[in-house]
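The values are calculated or read from the model by the stated rules, or taken from the named source; none is laboratory data. For clarity, every value in this text was computed on a predicted model and none was experimentally measured. Note: areas computed on protein heavy atoms with side chains; ligands, DNA, RNA excluded. Shrake-Rupley method; radii C 1.70, N 1.55, O 1.52, S 1.80 Å.
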Amino acid sequence: MKGFKLAAAVSAVAIGLGVSSAANGNQVIFNLEGTVTEVCGVFGTGTNTVNVGFGDLGGALTTDWITAAPDDVNYICNGANGFSRDISSQNNGVLENTTTPGDTVDYEMSHSDPAGGPAIADFDFGFTGLSGGLSDAFSAGDFSALVTGQVTFRARGVTDVNGFATVDPGTYEDVVTLAVTAN
């Protein structure tokens with residue numbers, strides 16, 4: 001009878017403390033949780049600032065293009081709604097003389113997939129000017145793994161058929177920004 005009273009007392013204490021059978025060793029419950037941070041961006045293969053040099057534009061005729069393929073860019077985005085890519089030019093799509101503003105040289109940009117990756121609508125584009133910038137939207141899932149694109153620029157030569165430069169001497173510059181934003 002003493003054993004029965006002791007067991008009843010222990011049971012009463014356990015019930016009074018709200019101890020369940022799980023606490024008595026019948027089961028253990030693990031509540032697991034993790035987070036995945038949204039990663040959505042474009043990254044240069046070496047750096048995110050790439051200098052593109054065309055050399056002497058005066059060495060080519062105005063009917064010729066001087067091409068520079070500076071770097072590949074890598075896209076990744078695990079955003080649930082995909083992302084938007086915006087490409088803009090500080091000088092509205094022209095190289096501008098740094099000492100004679102208004103004196104400009106035309107250039108164009110192209111974007112391709114050198115690795116033969118998945119066909120993604122509007123990802124690649126041929127040479128085009130950037131006077132109004134370029135904007136595209138991409139679906140979720142297309143870029144959940146790294147996708148590489150090759151950027152190429154080409155600038156017009158500035159020498160006419162008589163051998164004379166059509167613009168003033170100097171340094172001609174522009175800044176092109178390729179930005180990715182999660183939708």
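If I take every Cα pair under 8 Å that is 6 or more residues apart in the range 84-183, average their sequence separation and divide by the length, what percent do I get for the relative contact order?
Taking the mean separation of contacting Cα pairs over the length of the range 84-183, I get 47 percent.
When the accessible area of the range 46-126 is computed with all protein chains present and a 1.4 Å probe, what percentage of it is carbon and sulfur?
C and S atoms contribute 46 percent here.
With the other protein chains left in place, how much accessible area per residue, in square angstrom, belongs to the range 33-133 at a 1.4 angstrom probe?
Ligands and nucleic acids excluded, the result is 55 Å² per residue.
Would you kindly find the accessible area of Glu38, with a 1.4 Å probe and non-protein molecules such as ligands, DNA and RNA excluded, rounding to the nearest 10 Å²?
110 Å²
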